[in-house]
Every structure is written in structure tokens, then in C-alpha cells.
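As C-alpha cells, the structure follows; a few thoughts come after it.
The values are calculated or read from the model by the stated rules, or taken from the named source; none is laboratory data. Everything numeric in this text was worked out from a predicted model, so none of it was measured. Heads up, the Cβs are rebuilt from the backbone with ideal geometry, glycines too, and the neighbour counts pull from every protein chain shown.
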Amino acid sequence: MIHLSNISKQHGSQALFREASFQILPGTRSGLVGPNGAGKTTIFRIITGEEEVDGGEITSAKRTTIGYFSQDVGDMAGRTALEEVMAGSGETMRLAGELQEMEAAMCEPQSDDEMAALLSRYGEAVEEFEHRGGYDLDSRAQTVLTGLGIGPDRFHHPVESFSGGWKMRIALARILTLKPDVLLLDEPTNHLDVESIIWLEEWLAGEFDGALLMTSHDRAFMNRIVNRIIEVANRTVTTYGGDYDFYERECAVRREQLLASHKRQQEMLAKEEEFIARFAARASHAAQVQSRVKKLEKIERIEIPAEERVVRFEFNEPPRSGDDVVVMDGLAKSWQLPDGREHPVFSGISGIIRRQNKIAVVGVNGAGKSTFLKVLAGQTGPSSGTVALGANVEMGYFSQHAMEVLDPRRTVFETVQEAMPLANIGVIRNLLGAFLFQGDAVDKRIENLSGGEKSRVVLATLLARPVNFLVLDEPTNHLDIKSREILLDALRNFSGTVVLVSHDRHFLRSLVDRVFEIDHGEMRIYEGNYEYYLGKVNGEG
């Protein structure tokens with residue numbers, strides 16, 4: 001369908017890939033992975049024609065429709081949500097108009113030759129219209145919007161009235177409704193809740209029959225959808241047959257094999273070079289020396305790609321809190337609407353958070369999860385009831401808002417140093433290394449960091465303090481898979497108490513031992529891990 005053959009691409013002095021090749025074949029489901037800056041977005045832009053290659057060739061089948069969802073949704077204005085989604089299928093809508101015109105023309109008197117030509121054009125247009133799913137375009141747009149959390153009551157709201165996160169959902173719905181032959185998705189789950197992620201998984205598995213190439217920081221989503229991994233790294237593109245977990249295992253195996261081959265080659269080279277050095281001055285061995293010199297010149301040296309150094313940071317043991325970390329009694333929260341009415345979020349919540357609990361707070365979008373965490377963290381007071389912290393509880397609170405209050409003029413190092421003023425430079429650098437800030441990266445100013453980098457800075461400062469109770473609202477947002485694994489490892493080894501909201505199911509499965517579900521203003525407590533919770537809500541025992 002789409003073939004990239006021996007492509008090379010360079011940005012300035014940085015070579016992204018040299019003579020790399022891979023294919024996107026009909027029906028394939030591929031995950032695109034690689035370190036930041038390796039060229040994943042460039043691959044997308046090359047496929048869509050937004051960027052050209054420096055060398056090599058790109059070919060695609062005729063009439064191949066490509067749909068590309070990126071994090072840059074552009075301006076949205078002047079349409080309703082449903083109209084915006086439908087507008088993404090402009091060619092389909094144009095064909096619908098053309099068919100209507102041709103149907104009207106068929107009713108007009110004309111010669112046999114003209115009618116034959118018209119019928120031929122009409123047949124081709126119908127075939128293309130059907131291929132694009134034109135006959136169910138309207139119902140498909142409504143289904144996709146609803147699946148992504150924008151129900152019929154909001155179909156006709158102007159797009160300007162939606163927040164940035166909801167506009168991303170509209171942009172995603174626009175691409176999915178197009179139902180292209182090749183679907184390119186760049187982080188499609190970033191702004192979705194668990195329910196919408198599950199819907200998207202099922203839609204891609206059941207409704208979409210085209211080829212898929214996507215990036216995602218959601219490991220569970222990637223494993224559920226893809227059966228092939230395309231890695232962009234070390235100036236080349238490598239294909240692995242399997243899901244993300246298979247790719248990770250296979251990478252480790254291949255690296256071990258490469259290290260072994262490199263070691264054998266280095267030992268052989270050392271022996272040859274020793275022979276050349278020993279006999280270079282002897283005329284009796286001149287022919288042998290020359291032969292070995294030529295042999296060494298022809299050998300292709302095995303290179304070991306640079307491996308991202310992962311630093312393990314041993315966090316100081318936090319002070320021990322009392323056994324009852326939080327006691328809630330009849331807790332309720334309402335927000336006051338602009339017209340003076342009260343909007344209830346949740347009510348009647350009672351329960352105890354015990355020391356060393358790792359608790360997930362779950363519920364549909366808008367259920368009140370973030371509000372509940374704010375009440376726990378003392379960021380807002382309850383409307384009624386009480387929330388009492390236990391003895392010696394030292395709390396750390398993370399939210400997306402925390403990134404906004406970082407001092408943009410400070411460096412990464414200065415920001416963390418402020419959180420742990422008594423620590424020496426080595427300890428601070430080791431902590432920053434654990435959160436992937438190494439070398440000159442520690443001197444970058446906050447204002448020049450990406451969203452993911454800012455998240456890592458805030459999490460590093462949080463875990464640097466002597467806290468024993470962490471309240472985390474979407475700590476995995478903006479983090480790539482490697483950063484999520486580092487955070488997960490830190491929280492597993494954290495001897496204090498954790499309450500968090502996250503849409504990353506792999507993260508929740510690997511960490512939590514209790515689940516608090518907020519549903520229609522009430523809380524249900526599940527005394528088990530995330531798998532236990534899923535089994536209960538799905539009626540499995």
C-alpha cells in the first residue's frame with residue numbers, strides 16, 4: 001500500500017535515518033516507537049507529504065486515503081462539533097454532491113453516447129463514495145463523537161465552546177469518521193479517559209479495517225491494538241513482529257547478541273592488530289602483514305548504539321505516619337454555578353485510607369475524581385462532612401496546575417535544589433538522572449521544557465521532599481513509556497501512602513491495592529487490586 005524504500009532524512013546536522021525501509025500493508029496494525037527526537041513525527045509527515053526525504057523513494061497505491069491525527073489540531077471555529085467532524089470528510093461530501101448532480105442530469109434528454117459516458121462516470125463515483133463509507137457518514141460521525149465522550153446533547157454546540165482537551169477529541173473524531181485506508185495516529189489517548197480509550201480500542205478492532213500506524217505512551221493500549229512495532233532509532237528503522245511487550249523482550253535479546261558479536265569482533269581485531277604490529281618491520285612477513293591490513297580495512301565494524309542510561313535513585317525513607325492516614329466522614333462537595341445554583345459533585349463519602357495503601361480513584365470523565373483529590377489535599381474545602389489527616393502525615397500533591405506554577409526563569413537543577421536545599425550536588429544530579437535529566441539537560445530553563453519534561457521536574461521535586469502521603473492527579477499525562485516506568489518503579493518502592501487518578505491501565509494494574517470508584521455522586525470502595533475491581537464491575541464474581 002505504502003512503501004518507503006532506502007529513505008534518508010537529515011534535520012540540520014542531525015541525521016534521523018539513512019537508507020531506511022519499511023512498508024505499510026493493507027490491514028496491518030503497527031506501533032511506531034523510538035526516543036524523543038529520533039524522527040517519529042518526521043515519519044508521519046513524510047507519509048502525508050508534508051516533508052520530503054533527502055534520498056530514497058516513497059510509493060503508494062492509487063486512490064489511497066490517508067488520515068493523520070496529530071497533537072496540533074489547529075484553529076477550530078465557525079462550526080458545530082458535528083459539522084467539524086463531518087468537514088473532515090470533505091471529498092466524500094463533494095462526491096455526494098456530484099452524485100446528486102449526475103442523478104439530476106440522467107433525467108434530462110441526451111444522446112446514447114452522452115448517457116453512456118454519464119453512467120460510466122456515475123458508476124466510478126458510486127464506487128468511490130461507497131469505498132469512503134459515504135452512505136453512513138452522518139451516523140458514523142455521531143457514533144464516533146458519542147464514543148469519544150461528546151454525546152448528542154453537545155453535537156450542535158459551537159466548537160469554540162469546547163476546551164483544548166475536548167477539541168482534541170473532536171479532531172480525533174474527524175479523522176476516525178473519515179475511515180481512511182491508512183490511519184496515522186500520534187498519541188490518540190492523551191486526552192481520553194479510560195471509557196473513551198476502551199471504546200477506541202474496540203472501534204479500531206471492530207469497525208476499522210484499514211492499515212494503522214500509531215504512537216502511544218499507553219502501554220496497555222499499544223499491546224491491545226498493534227501486532228507489529230516499527231522502531232526509529234540510531235539512524236535506522238527496524239521492524240519487530242509482535243506487540244510492545246514482545247518488542248521490549250526482543251530488543252533485550254538482540255542487544256545481548258550484538259554485544260556478544262561486538263566482543264568477539266574486538267578480540268579478533270586485537271589479535272590481527274597485534275600480529276601486524278609485531279611483524280610489520282620484518283621483510284619475511286611483509287606479504288602476510290599486507291594481507292591482514294587489507295582484511296581489516298574490509299571488515300565492517302560492529303557499532304554498539306548508545307543506550308539511554310537509567311539511574312536508579314534510592315529515595316530517603318519518609319517519616320512514618322499513623323496507621324490511619326485519612327479519615328472521611330459524610331464528605332460532600334458542590335460547586336456554585338454562575339447563576340447561583342449548587343452543582344453537587346459527590347456526597348456521603350465515608351471511609352479510611354490506611355498507611356501504605358496504594359489507591360486508584362476511578363470514574364467516568366466528570367465524575368469528580370480531581371475534585372475529590374483536591375478536597376483530600378486541602379486545595380478546596382468540603383461542602384459538608386469532614387476529612388481528617390492522621391498523625392504525622394506529610395502530604396505531597398501533584399496536579400497539572402503544578403506545572404504552571406514552576407518558575408520559568410529557573411533551571412531544572414535550581415528548581416530541584418530548592419526542594420532539597422541540604423542535599424549535595426551529587427545527590428541532586430542523581431535524582432535528576434533518575435528522571436532522565438542528564439548532562440547539560442539539568443541546566444535547561446523551565447520555560448524551554450516540554451510538557452513531559454515539566455511533569456518530570458514536578459515529580460522529582462515532590463519525591464525529593466520528606467513526604468509520606470502522595471496525592472497524584474494524572475501524574476502519567478505527558479510522560480512517555482520509559483518515564484512512566486521510572487515513576488511506577490519509584491511509587492512501587494515508596495513506603496508511604498499513595499492516592500492517584502490515572503488513565504494508564506498498565507500503571508494501575510502494576511501499582512494499586514485498593515480502588516475508590518466515584519459514580520453518580522457516590523463512592524464505592526473495592527478492597528482489592530485493579531484486576532479485582534475490573535472483575536467486580538464486569539460481573540465476574
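Values as computed for the structure displayed
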quantity	calculated
Failed criterion for ARG429 (all others in (1) within 24 Å of GLY363 (Cβ to Cβ); (2) basic (Lys, Arg); (3) surrounded by 15 or more Cβ atoms within 10 Å (Cβ to Cβ) hold)	(1)
Selection within segment 471-502 - closer than 28 Å to GLY368 by Cβ and of a type in the set (Lys, Arg)	ARG484, ARG492
Inter-residue pairs, beta-carbon under 6 Å, first without any contact (Cβ under 8 Å) to a residue 24 or more places away in the chain and in segment 285-305, second aromatic (Phe, Trp, Tyr) and surrounded by 12 or more Cβ atoms within 10 Å (Cβ to Cβ), 6+ apart	HIS285/PHE279; VAL289/PHE279
Top-ranked residue in segment 432-451 [being out of contact with any strand residue (DSSP E or B) (no Cβ under 9 Å at 6 or more places or on another chain) and surrounded by fewer than 18 Cβ atoms within 10 Å (Cβ to Cβ); ranked as nearest to HIS478 (Cα to Cα)]	GLY451
Enumerated helices (runs of 4 or more DSSP H) restricted to segment 373-469, each holding at least 3 residues that are farther than 29 Å from ILE353 by Cβ and in contact with a helix residue (DSSP H, G or I) (Cβ under 6 Å, 6 or more places away or on another chain)	412-419
Odd one out for GLU517, checked against (1) surrounded by fewer than 23 Cβ atoms within 10 Å (Cβ to Cβ); (2) assigned to a loop (DSSP other than H, G, I, E, B)	(2)
Sole residue being part of a loop (DSSP other than H, G, I, E, B) and not β-branched (Val, Ile, Thr), chosen from PHE208, PHE221	PHE208
Test result for ILE197, surrounded by 22 or more Cβ atoms within 10 Å (Cβ to Cβ) and more than 22 Å from GLU83 (Cα to Cα)	no
Lone qualifier among ASN424, ASN493 - being closer than 21 Å to VAL325 by Cα and surrounded by fewer than 18 Cβ atoms within 10 Å (Cβ to Cβ)	ASN493
Odd one out for THR497, checked against (1) free of Cβ contacts under 8 Å to residues at least 60 places away in the same chain; (2) in contact with a strand residue (DSSP E or B) (Cβ under 6 Å, 6 or more places away or on another chain)	(1)
Flag if THR239 is part of a helix (DSSP H, G or I), under 30 Å from HIS131 (Cα atoms) and polar (S, T, N, Q)	no
Condition met for THR65 (surrounded by fewer than 19 Cβ atoms within 10 Å (Cβ to Cβ) and touching a Pro at 6+ places or on another chain (Cβ under 7 Å))	yes
Residue list for segment 247-301, restricted to those being more than 30 Å from VAL33 (Cα to Cα) and not in a helix (DSSP H, G or I)	ALA280, ALA281, ARG282, ILE299
Long-range neighbours under 8 Å by Cβ, at least six apart or interchain, first residue closer than 22 Å to ILE518 by Cα within segment 174-197, second polar (S, T, N, Q) and surrounded by 22 or more Cβ atoms within 10 Å (Cβ to Cβ)	THR189/SER216; ILE197/THR189
Residue in segment 4-26 that is of a type in the set (S, T, N, Q) and on the phi > 0 side of the Ramachandran plot present	yes
Tally of residues being in a strand (DSSP E or B) and charged (D, E, K, R) across segment 339-372	3
Test for LEU184: is it closer than 20 Å to SER5 by Cα, out of contact with any Ser or Thr (no Cβ under 6 Å at 6 or more places or on another chain) and outside any loop (DSSP other than H, G, I, E, B)	yes
Those residues of segment 92-146 which are in contact with a helix residue (DSSP H, G or I) (Cβ under 9 Å, 6 or more places away or on another chain), modelled with pLDDT under 85 and among the small types (Gly, Ala, Ser), in sequence order	ALA96, ALA105, ALA125, GLY133, GLY134
Residue match in segment 382-399 (condition: within 22 Å of the chain's Cα centre (by Cα) and touching a residue at least 12 places away in the same chain (Cβ under 8 Å))	yes
Number of positions in segment 142-164 that are part of a helix (DSSP H, G or I), small (Gly, Ala, Ser) and within 19 Å of ASN190 (Cα to Cα)	2
